[in-house]
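Pasting a structure here, questions to come.
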Amino acid sequence: MKREEHGVVTVSVPWAEPGSGFTAMFEALVIDWLKEMSISSVSRLMGLSWNAIDGIMQRAVK
């Protein structure tokens, strides 16, 4: 955790991967949906960009 005068504080939490921006449960839901439909369909339904979905997929594979 880095704290600067009047800056942003980032805290690691057990329910999200570092740098993700999404909870682990949300990412699991996206992965489940990707098993049933295309990236473009999940993107449209979830309101996420292709890059956001790609990041979720990359973390899931890792």
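The values are calculated or read from the model by the stated rules, or taken from the named source; none is laboratory data. In this text the structure is predicted, and so the values were computed from the model without any measurement. Don't worry about glycine lacking a Cβ; one is built from the backbone with ideal geometry, like all the others, and counts go over all protein chains shown. Note: areas computed on protein heavy atoms with side chains; ligands, DNA, RNA excluded. Shrake-Rupley method; radii C 1.70, N 1.55, O 1.52, S 1.80 Å.
What net charge is computed for the residues neighbouring R59, neighbours being all others with C-beta under 9 Å from the C-beta of R59, Lys and Arg scored +1, Asp and Glu -1?
-1
Find the accessible area per residue for the chain; the probe is 1.4 Å, ligands and nucleic acids are left out, and the unit is Å².
On the way: 5000 Å² over 62 residues.
Ligands and nucleic acids excluded, the figure is 81 Å² per residue.
Using the Karplus equation 6.51 cos²θ - 1.76 cosθ + 1.60 (θ = phi - 60°), what ³J(HN,Hα) coupling, rounded to whole Hz, does each residue of region 14-20 give in order, writing x for Gly and Pro?
Those phi angles translate into x, 9, 8, 6, x, x, 6 Hz.
If you roll a 1.4 Å probe over the chain with all protein chains in place, what percent of the accessible area is carbon or sulfur?
Working: 2860 of 5000 Å².
Exposed carbon and sulfur together represent 57 percent of the surface.
Would you please give the residues with an amide H less than 5 Å from that of A16, counting only those at least 5 places away or on a separate chain, with H modeled from the backbone geometry?
For A16, the qualifying residues are A24.
For mean projected area of the Cα convex hull in nm², several values are listed as (1) 5.1; (2) 10.4; (3) 3.8; flag the one computed from this structure.
(1)
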